[in-house]
Amino acid sequence: MLAAIEIALLLVVIIVVGALFAFGSYIRTLSHELQVTSNAVVAELTENRASNAPAAGRSIASRLIRSETEVVVLDADSRVTVFYEHRNDAAPVELVRTRGDLSGNPPVSGPLAPLVLGLATAFGLEQLHTKAGSLYLIIKSNDAALVATVRSALMPLGIAIVIAIVFGWLIARALTQQAMRPLGDVTGALQRFASGDLTPQTIAADDRLELSELARAYNGAIDQMERAFAERDRADASMRQFIADAGHQLRTPLTVVQGFISILRNADSPADRERILATMYQQSRAMGSLIDKLILLERWENPAEQAHEPIDVGVLVEDLAGVFSDANPQRQITVRNGGETLAAIDPIDLGYIINNLVDNALKYTDGPVDVTVRSESDAVFVEVADRGPGMTSVDAAHVFDRFYRVGRPGVEGTGLGLSIVKRAAERARGSIDVTSSPAEGSRFRVRLPRTRTA
Ligand code: ADP
């Protein structure tokens with residue numbers, strides 16, 4: 001609205017300034033005309049040696065006076081004669097006035113006259129006073145003709161101003177509407193949200209428009225929202241999968257226990273009862289272990305960031321692996337500790353890592369198990385390698401997923417051990433990977449950020 005008024009005003013100002021400029025140049029032409037007339041009249045009078053005003057006037061009027069000028073002649077008898085071209089019949093008219101009266105031409109009247117004549121003077125129009133022999137001459141503009149000329153120009157000027165206002169208004173309105181389009185788009189999109197339609201939709205951001213920044217900011221927010229929705233959907237799907245898997249995993253031992261309870265009711269011999277109770281105890285322990293792991297993973301899902309003191313990873317791994325050696329004297333478990341292996345990790349988390357990896361190596365293979373701790377410039381590596389059956393590349397890509405198991409007859413498990421190892425490594429800002437092949441067995445490698453001072 002404001003811009004429309006401004007543009008219309010600007011156009012009007014341009015037109016008025018243009019009109020004044022044209023008026024100024026018209027006045028300059030007129031001044032030149034006066035000068036030319038003055039020179040011609042003086043030359044004529046000097047040549048003819050006219051001493052009588054009417055005679056002199058008559059001799060020059062028909063040839064020299066132009067429509068915009070008039071010549072006032074004051075003769076030796078103080079008679080004043082005014083010569084000017086009459087506008088209607090274009091013939092010079094001679095007026096004879098008594099002494100001292102120089103306003104011989106018809107009076108210039110109307111509200112416009114003082115303004116036009118004032119402006120003309122301001123633009124440099126002046127009367128020329130000169131003397132030719134015994135005659136005193138005033139060569140001046142024909143004020144009535146001047147005012148009439150300006151008056152005739154007023155109508156087209158007025159029309160031009162009206163057209164400028166209308167055009168300015170229309171152009172400004174079109175420009176404003178276009179510039180404000182992003183605002184309208186964003187408002188529309190937000191109203192759609194408010195009415196409950198949460199489908200993320202970006203809006204077109206035209207770089208040529210100033211408010212396109214708003215559209216871009218809105219699109220950025222929509223992108224964020226889309227990502228948040230996608231993340232929420234992923235988390236929901238993962239949670240549903242987790243609940244389904246956990247329910248399935250818990251149902252198996254529960255079904256076994258329930259089956260054994262009914263068998264127990266009918267068991268007669270103490271030996272049978274003992275066997276059944278032992279199986280039920282084992283199943284309930286499996287359930288307990290599964291529940292512990294689920295609780296642990298759930299607790300680690302939203303971990304409070306904790307900074308841990310650096311520990312000597314090599315020393316702790318030696319201790320932990322030693323326990324396995326003691327418990328499994330028939331198996332060959334070798335530990336190599338490569339010196340400077342300080343890392344900031346919770347010792348309990350490192351316990352989860354070693355226990356699960358060594359336990360798996362013992363569970364899924366029969367051969368020796370090598371545990372190596374070594375360091376590079378900025379990392380400490382803990383590797384657990386076996387020479388067992390290994391895994392396919394598909395299995396290797398998924399073994400860190402929750403509940404992912406590769407069925408091995410007679411080997412019990414929950415499919416949660418390696419996901420716990422992965423989360424434990426990540427909690428210490430580390431990572432884990434596995435290389436595995438049927439020919440060479442499996443090598444799990446945990447990478448931890450190395451700390452240089454204890
Ligand atoms: P679980 O041992 O309870 O099944 P894990 O998450 O510890 O669960 O392991 C997932 C799967 O990875 C196991 O079912 C097993 O098939 C495979 N796996 C783990 N460690 C080894 C290994 N050292 N050699 C071969 N397969 C392994």
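The values are calculated or read from the model by the stated rules, or taken from the named source; none is laboratory data. Keep in mind that what you see is a predicted model, and the values were worked out from it rather than measured. Cβ sites come from the backbone with ideal geometry, for glycine too, and all protein chains shown count toward neighbours. The accessibility values were calculated without ligands, DNA or RNA, using every heavy atom of the protein model including side chains. Shrake-Rupley method; radii C 1.70, N 1.55, O 1.52, S 1.80 Å.
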Degrees, to the nearest 10: 270-301 long Cα axis against longest axis of the chain = 20 degrees
Go through T199, T372 and list them by solvent-accessible area, largest first, probe radius 1.4 Å.
-> T199, T372
Relative contact order, percent, of the chain when contacts are C-alpha pairs under 8 Å separated by at least 6 residues?
-> 10 percent
Please give the contour-minus-distance gain from R265 to Q282: 0.36 nm per residue of separation, less the Cα-Cα distance, rounded to one decimal in nm.
-> 4.3 nm
List the aspartates and glutamates whose alpha-carbon lies under 15 Å from that of K363, not counting same-chain residues fewer than 8 positions away?
-> D386, E412
Paramagnetic reach from D223 in the stretch 177-203 [backbone N under 13 Å; point 7 Å along Cα→Cβ] | 202-203
In deg cm²/dmol, rounded to the nearest 500, the helical mean residue ellipticity at 222 nm of the chain, built from -39500 (n - 2.57) for every DSSP H run of length 4 or more, is -20000 deg cm²/dmol
3J(HN,Hα) from dihedral phi, the stretch 197-206, Karplus parametrisation 6.51/-1.76/1.60, rounded to Hz, x for glycine, proline | 8, 9, 5, x, 9, 7, 10, 5, 10, 8
By how many degrees, between 0 and 90 and to the nearest 10, does the Cα long axis of helix 347-364 differ from the longest principal axis of the chain?
-> 60 degrees
Sorted by chain and number, the residues with a modelled amide H under 5 Å from that of V380, at a separation of 5 or more or across chains, are L448, R450
Rounded to the nearest 0.05, what FRET efficiency do I159 and T29 have when you use their Cβ-Cβ distance and R0 = 30 Å?
-> 0.80
Within the stretch 142-178, backbone nitrogen closer than 13 Å to the virtual label 7 Å beyond the Cα of V13 toward Cβ = none
Any idea what the dipole of the stretch 168-313 comes to, in debye rounded to 20, about its Cα centre with Lys/Arg Cβ at +1 and Asp/Glu Cβ at -1?
-> 540 debye
Residues of the chain: accessible area per residue at 1.4 Å, in Å²?
-> 57 Å²
Across the alpha-carbon set of the stretch 212-301, Rg over Rh with Rh taken as the Kirkwood radius works out to 1.41
For K140, counting only aspartates and glutamates whose alpha-carbon sits under 16 Å away and dropping same-chain residues fewer than eight positions off, the answer is E33, E68, E70, E85, E94, D101, E126
Determine the share of the chain's accessible area contributed by carbon and sulfur atoms, expressed in whole percent, with a 1.4 angstrom probe.
-> 58 percent
How many nm is it between the label spots at D366 and T334, if each spot is 7 Å from the Cα in line with the beta carbon?
-> 2.0 nm
Taking the convex hull of Cα positions in the stretch 310-449, its mean projected area over all directions (nm²) = 7.8 nm²
Determine how large the accessible area of E412 is when every protein chain is in place; take a 1.4 Å probe and give Å² rounded to the nearest 10.
-> 110 Å²
Placing one equal point scatterer on each C-alpha of the chain and summing with Debye, one gets log10 I(q)/I(0) at q = 0.10, 0.11, 0.14 Å⁻¹ equal to -0.92, -0.98, -1.24
Which is farthest toward the positive dipole end of the chain among A228, V166, Q178, measuring Cα position about the Cα centre, with Cβ charges +1 (Lys, Arg) and -1 (Asp, Glu)?
-> V166
Under the rule rounded for a/c under 1.5, else prolate if a/b exceeds b/c, else oblate, using alpha carbon gyration tensor axes a ≥ b ≥ c, the stretch 101-211 is classed as prolate
Using unit Cβ charges (K, R positive; D, E negative) and no other charged atoms, how large, in debye to the nearest 20, is the dipole of the stretch 346-438 about its Cα centre?
-> 240 debye
Pull out the extension gain between D292 and S109, defined as 0.36 nm times the separation in residues minus the alpha carbon to alpha carbon distance; nm, one decimal.
-> 54.8 nm
Where nothing but the Cβ of Lys and Arg (+1) and of Asp and Glu (-1) is charged, how large is the charge dipole of the chain around its Cα centre, in debye to the nearest 20?
-> 840 debye
Please tell me the relative contact order of the stretch 212-301 in percent, rounded to the nearest whole number, where contacts are Cα pairs under 8 Å and at least six residues apart.
-> 30 percent
